Structure formats: structure tokens, C-alpha cells
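Participant: Just passing along the structure, written as C-alpha cells.
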Amino acid sequence: MPYDPNNPKDPSIPPPDASDTTRLDSGYFPYSSPSKPRDVTPKVSGPAVPPQRDPGRPFLSAAPPVVPQRSVPNSRSTYGTGYPMGSGNLRTPPGMSGQTAPLPKLDTPDPGVQIPPERIPPKKADRPPEEPPSYEPRRRGGPPPKRKGSVFLAILLLILCTALGAGAGFYASHRLISEFEETLADFEADLALALQTPSPTPTPSPTPTPSPTPPPANSSRPAGALTSEEVYELGRTQVVGITSEITHPNASVTRVTGSGFIFSEEGYIITNYHVIEHASHIFVMLSDYSMHTAQLIGGEGITSDIAVLRIDTSNLNLTPAVIGSSAEMRVGSPVYALGNPLGDLTFSFTAGVVSALNREVAVGHGIVLNMFQTDAAVNSGNSGGPMFDEFGQVVGVVTAKSALEGVEGIGFAIPIDEAMHYVEMIIERGYVPRPHLGIFPETITEAYAQETGRVPGVYVNTVDPNTPAEAAGMAEGDIITRMDDQEIRTVEELRAVLATFEVGDEVVITVWRNGEVLELRVTLGRR
């Protein structure tokens, strides 16, 4: 049946398939909805215009082709579909108006129209895949350069440089490792040889006594005086360090350090008694830092604080100190202290002058010693060390320093003349024969005496049996006020007066007993 363009309900035209995605240029337009076809038939107001055939397109039906309008900017569209989706996208070809029938499907052409098979375009699914066009940039003025050879050469050069660099680095590192191994092997060999070969112990050679440097013509230094450097070189060979070990009842051990000096070539050493008091073991360090066990010959800590030690002199060449005279000292005379302060600063040398003479210094436990004062720095560990004069002679034994806070430069030394008196007795007898009364004394001050109705003096707390005090009739509660013609007010004064006597001397002691004054004759004994 021929196609009637004025009859939109021509039964010869089947309804369009919404799933048909045939391209627009094939003469068909798809509907936007499979359930409700879009009405694309334009309204006609006049007679139908016969269809116009486009000679460049295959004639599919008598219906005029619908030309879709290209989408314009700001129109609603779906990217990549090729179909405009907005309103006003369809337009009627020129010369046509009114309604047109829907386009027929491709697989149901008009039976009266024969289309050659070669003119029917294949479906999209049957087309071979199209290869994208290759693009090769071209340089202006000629064909593109051929770079395959140059790229290969660059890669080859890069590989070659990398190999050369790796080889050079490996060679350098191998050389360094080899040299280090050789050095390490040499060091180990030298170390093994040194450990196998014992180093000989050097034998200390005696230090010669330096001859005094003559003073300049305009110098006030007396003839024969030494410089401080010469005093140190001489005194260093004569000074020793002393370490005492005190063992307590609980088996703990306390170490006390001090100083001393060599008195004779037989190994006698002079030091302070408080350095070795209660010691169970005594060690002496010489100037070559060799340690030797020492024996206590004797000491006295009440009136002198002097002790004498002795070491074995086998294979030793000792340099004894030169003993001077403290009677010739004057205030302002230069003096030098040499010892081991703090027990660690071995052979420390300090200089000063004599600040005062005949200082009565209380050293504790009621002990008062006669010493001279100096501003040469002395500290713990200097006790027992020598005090030299400018001639390199020993004029004192360093014994104490002021322990008051904020006080510096106040040290004390026992005059060598007094010290030698006890040293000789200790070497000769092994002890110091010290006069002894046999009492336990206590000081009564002036204020306490007024409060208790007594007199100031030394109060007798106890009297030991079989002692000179008991034999003379002294009793507990007595107060000693005089000994011979010297007044006694304190325990220190009593001990100082006793030290002026010898064992066996007879003295008259005045005591106060319950308001009565008595005189007792006492023959001093030995402690």
C-alpha cells in the first residue's frame, strides 16, 4: 500500500523501536522514551508538499528527513551521545510545514521501494573497529628527525658511565679496607709484643741537693738562700704520703691520709700523731710513688702531737730532710709547705710567710699546743708534712688550720725545736715519758662557780686507784687552783703546766675542798 503522508495512522508503518540507536545521518531519529514516543509530526495548514529526495542520501521512505538542529551554547545536552536533549532542537526543513508521519524502521522499508544491498549502510555492531589516527608532530620546515639511534646511543653512554663509576668506587673502597686491615694487624702485633715484654721498673736515682743560687748584687735575699723552685726540687725527695687504715669493731675500715718527711737514712719518718692514731695498718708512699708498710715506733698526742714511723730501707736510697732551727724564725720570714692535701693532690707546694710566733692553739680534747702561724695554704692531708724555710731546712711540722667559716690563710705548725724533743725520746725509748696525775678533770668557769658557791679552777671528777693523785690524798670534788707557783683555771692550763715537768718530779698542788684550801705534795708518775 502506498505511503500516505496525510494519514498519520497508516497501518503499513509499524511503531518505532525506542531501542534503535541508529545514527541520525541514516535518516532516523530515536525517541527519548520507550513508553511514550515523542510527537515529531509537524502540523500542516496547507496541501502536503511532495517529498524531496536528497541525491547524496539513500531514499528510505517517502517521508521527508528530519534534520536535527545542532545544540547551541547553554543548551541542555548529554556529552558524547550526539543527540540534543533540549526543547527547540527540531526544525522543519525548508518548504515543509504541517504534520509528517513517524519515520519507518530500517528493517521494515516500504515494500514498493527497492534499495540495493550495497547502498544499505551496515549496522554499528557489524562495522569493523576504527583505528584512531596516528599523530606524529612535525617540525616546521621539514620532516620530523629520526631519534631512535640517538636515544640508543644516550642509553649506552649512561650504562657505560654507571659501570665505570661503580668500578672506581669499588676499587677505592677495596684499597681503603685493605690499608685499614694492614694498620690494624700492625697495631695488634705491636700490642701483643708490648704485653709479652714486661717493662723494667725504673730504679729511682737519688736527687742531688741543689746548690744555692747566688742572689743578685742588689737582692735582699741572704747568702745561701734557695729559690722557691730549688726548695721544691729538694723537698719533693724528702716528703712522703701516709695512709692509715683504722679497723672498727664492726669490721668496717676507715682510711686517713696525711703527710710526713724522712728523718734519717735508717727509714725513720716524722708525722703527726693524729694521722696514725688508732691505726691498724700504716702505709708510706715515697717520691717515686712506691708504697711501703710502716711500723709505728711511738707517738704522743697530749703535749706534742708527734709520732715516729719506720719503713724497711732494703734497696732504698732515702734522702733525709735537713733539720733547721725554729728559734731563729722571725715574723715575715718566708716559709713553704709541701704535702698531700686532700690525700689526692700529691706533692703540692704552697708558699707564705711566718704570720706570728708562740700561738697557744687548742686542738681538741683539752689539748693546747704551742705553734707558729703562717699564711701558706694548708688543708686536710697536709698534717704531718714539713714546713721549709728559704734555705730548704725544716723549721716546723704542719699540724692545723683555722676551720672557721669564711677564714682563709690561717695555718699552724709545731716549731721543729719542740718537735725534735719528742722525736728523740720516741726513737730512744719508744714512748714519750709524760707526767701523769691519775684524775679525770673538768673546768669550772667563773659564772658556774658563783652560782654554786665554789671557786673557779679544775674540778676533780674521779681519782684513779694506784696513781700519784691517790697517793697524795686528792679526793673527788676537789678543785685544783694552783700547781707550784702557777695559777690553774682550766684543764688546758693544767696539762700545759704538767708538760713542763718530768716524770718523778715533786710538785705542790693547791686544792679547794668544801671552802677549805689545802696543799698536796704529789710525785708525778708516767702514763
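The values are calculated or read from the model by the stated rules, or taken from the named source; none is laboratory data. Just so we're clear, the structure is a prediction, and the values are computed from it rather than from any experiment. Heads up, the Cβs are rebuilt from the backbone with ideal geometry, glycines too, and the neighbour counts pull from every protein chain shown. Calculation scope for accessible area: heavy atoms of the full protein, side chains included, ligands and nucleic acids excluded. Shrake-Rupley method; radii C 1.70, N 1.55, O 1.52, S 1.80 Å.
Participant: Return the residue satisfying two criteria in turn: it lies in the stretch 268-297 and is surrounded by fewer than 21 Cβ atoms within 10 Å (Cβ to Cβ) and either β-branched (Val, Ile, Thr) or at positive phi (or both), and of such residues it is modelled with the lowest pLDDT.
Facilitator: HIS278
Participant: Which residue is surrounded by the fewest Cβ atoms within 10 Å (Cβ to Cβ), if the candidates are limited to the stretch 361-382 and must be closer than 21 Å to GLY260 by Cα and among the small types (Gly, Ala, Ser)?
Facilitator: SER380
Participant: Take the residues in the stretch 230-266 that are closer than 21 Å to LEU342 by Cα and of a type in the set (Phe, Trp, Tyr); name whichever of them is nearest to the chain's Cα centre (by Cα).
Facilitator: Residue satisfying both the conditions and the ranking: TYR232.
Participant: If you don't mind, another one. Condition check: open to solvent by 70 Å² or more (accessible area, probe 1.4 Å) and part of a loop (DSSP other than H, G, I, E, B). Does ASN358 satisfy that?
Facilitator: No; evaluated as a whole, the condition is false for this residue.
Participant: I want to confirm something. Restricting to the stretch 383-417 and keeping residues that are acidic (Asp, Glu) and buried (at least 18 other Cβ atoms within 10 Å of the Cβ), which single residue is nearest to ALA225 (Cα to Cα)?
Facilitator: Once the filter is applied, the top-ranked residue is GLU390.
Participant: Something else about it: Out of the stretch 305-340, which residues are more than 45 Å from the chain's Cα centre (by Cα) and on the phi > 0 side of the Ramachandran plot?
Facilitator: Correct list: ASN315, GLY332.
Participant: Under 9 Å between Cβ atoms, which residue pairs at least 6 apart in sequence (or on different chains) link something in the stretch 476-499 that is within 11 Å of PRO441 (Cα to Cα) with a partner that is open to solvent by 60 Å² or more (accessible area, probe 1.4 Å) and in a loop (DSSP other than H, G, I, E, B)?
Facilitator: GLY477/ASN514; ILE479/ARG454; THR490/THR445
Participant: Consider the stretch 428-464. How many of its residues are open to solvent by 60 Å² or more (accessible area, probe 1.4 Å) and assigned to a loop (DSSP other than H, G, I, E, B)?
Facilitator: The qualifying residues number 4.
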